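The values are calculated or read from the model by the stated rules, or taken from the named source; none is laboratory data. Quantities reported herein were computed from a predicted structural model and do not represent experimental measurements. Note that we place each Cβ from the backbone using ideal geometry, even for glycine, and neighbour counts take in every protein chain shown.
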Ligand SMILES: [Fe+2]
């Protein structure tokens, strides 16, 4: 049994950049994420079996933007299942109602989608007032229950924030240590995440852990405290094979690399 997974992240879709504060020029001048995604998907050798989107679907959008984005992704991927997790820029209530078809869970959303013999499990690392991510105790409890119910079957996990402390100059999600202890008891083939907007490939708790690029922009810290933003595009083509295991190929397009803006954050 094998399965192909297109992993994309951090679209930061926005219909009106003028209400996005310091990010206005970045969001206004970047190549629209859906334009980049459409162009890249046209070149894929085949349609994926599954599309995983690891958060920051919008840059703080409301219900209308989520509906517009959902319709655009549906046109692009047709009947390929979409698997979504919320990011720190998302409105979890609008996201739940439009993409997940579930009522908003204020304690943090954890859910499982079964595809062929693989269980895809999303757990929410976003939390109010925690832009760097927090895996809440209630999320860990729910994740424990979801994984326990799989009874040893293989799972692929997805969350928004990165879990490995040294991988980026932003701190990893809080409570990642407790998550590592929990995951040691289960059969997890891979963990997918986003948030940093920079590709990274390593192991977390001995499990392959893949951070996707963004399909929107990336930031580079400057010595004077500014963050310089660039147009950006990258996504991961992943394969799961029950005999071979998990593999991942990064797809990028260097046409999207123009400098957008430099921003000082207080
Ligand atoms: Fe993001």
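Would you check if residue 189 is farther than 23 Å from residue 57 by Cβ, touching a strand residue (DSSP E or B) at 6+ places or on another chain (Cβ under 8 Å) and in a strand (DSSP E or B)? Taking the combined requirement at face value, the residue satisfies it. Of the numbered criteria (1) more than 15 Å from the chain's Cα centre (by Cα); (2) in a strand (DSSP E or B); (3) modelled with pLDDT of 95 or more, the one residue 227 fails is (3). Looking at 249, 218, 255, just one residue is loosely packed, with under 12 Cβ neighbours inside 10 Å and assigned to a strand (DSSP E or B), and that residue is 249. On inspection, residue 259 passes the criterion of being under 30 Å from residue 29 (Cβ atoms), more than 16 Å from the ligand (Cβ to nearest atom) and at pLDDT 95 or above. The criterion of at least 2 residues that are within 16 Å of the ligand (Cβ to nearest atom) is met, among strands (runs of 3 or more DSSP E) falling completely within segment 1-117, by 2-8, 50-53. Note on segment 128-142: residues that are modelled with pLDDT of 95 or more, part of a loop (DSSP other than H, G, I, E, B) and more than 17 Å from the chain's Cα centre (by Cα) total 1. Filtering segment 181-211 down to residues that are on the phi > 0 side of the Ramachandran plot and either at pLDDT below 95 or surrounded by fewer than 22 Cβ atoms within 10 Å (Cβ to Cβ) (or both), which residue is farthest from the ligand (Cβ to nearest atom)? That would be 206. Residue count for segment 143-169 satisfying the condition of being surrounded by 20 or more Cβ atoms within 10 Å (Cβ to Cβ) and in a helix (DSSP H, G or I): 2. All of (1) on the phi > 0 side of the Ramachandran plot; (2) at pLDDT 95 or above hold for residue 214 with one exception: (1). Going through (1) without any contact (Cβ under 8 Å) to a residue 40 or more places away in the chain; (2) outside any strand (DSSP E or B) one by one, residue 178 falls short only on (1).
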